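Report on one structure; see the data block that follows.
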Amino acid sequence: MKTIKLLSLSMLVLFIASCSSDDDGGPQIVNEEEVITTLTLTLSPQAGGADIVFTSRDLDADGPNPPTVTVADLAPNTTYTGVVQVLNETENPAEDITEEVEEEDDEHQFFYQVIGNAAVTTAYTDQDGDGNPVGIQITLTTGDASTGNLVVTLRHQLDKNAAGVSDGDITNAGGDTDVEVTFPVTIQ
């Protein structure tokens with residue numbers, strides 16, 4: 001009998017520890033971060049042609065091995081329609097985390113930052129229910145031949161109303177980073 005009471009008390013403590021208060025004063029289950037091993041950005045030229053695929057795969061997640069990054073050259077002065085996908089490939093079959101991002105789109109946003117001299121601009125083409133960008137779907141436009149990096153970051157529980165965030169500026173977004181990948185970019 002003492003074991004049953006102790007077990008019941010332990011289960012109650014675990015339940016309370018996994019909850020937090022929301023603004024209404026009631027319990028709210030904490031949303032644990034998902035494991036993201038793979039980020040793929042597929043770019044389709046709007047004028048037609050073969051897709052360009054950028055992939056970062058880190059199958060040991062936070063393990064000691066660096067991710068494997070594959071990229072392809074971009075054409076100059078071209079507009080691409082882009083779609084990003086995030087997966088957890090530690091599970092079999094792989095779990096598509098993009099579906100959760102879509103379901104919780106008001107709490108998530110992808111950011112696309114150009115570092116260096118790459119002549120690249122991006123624009124959001126999808127929105128959450130409040131009209132704020134999500135970034136699963138974008139347009140990416142290249143300029144003249146150049147090189148640099150494209151950093152793709154997924155944030156959750158960010159402030160989408162902070163200055164610049166709706167324009168893709170991560171500076172004031174806050175929140176937590178779910179995944180961040182740097183792709184080398186060559187336009188030629």
### Task
Return the Rg/Rh value of the stretch 34-187, two decimal places, where both radii are evaluated on C-alpha atoms and Rh is the Kirkwood radius.
0.95
#### Entry: For the stretch 52-66 and the stretch 32-51, distance of Cα centres in Å
14
### Query
With each label point set 7 Å from Cα along the Cα-Cβ vector, what nm distance links E107 and S44?
3.0
### Query
Which stretch or stretches of the stretch 31-62 have amide N atoms under 11 Å from the point lying 7 Å from V69's Cα along the Cα→Cβ direction?
55-57
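Throughout, read-outs are computed from the coordinates displayed, never taken from laboratory work. Note that the structure is predicted; figures quoted are calculated from it, not measured. Note that each Cβ is placed from the backbone with ideal geometry, even for glycine, and that neighbours are counted across all protein chains shown.
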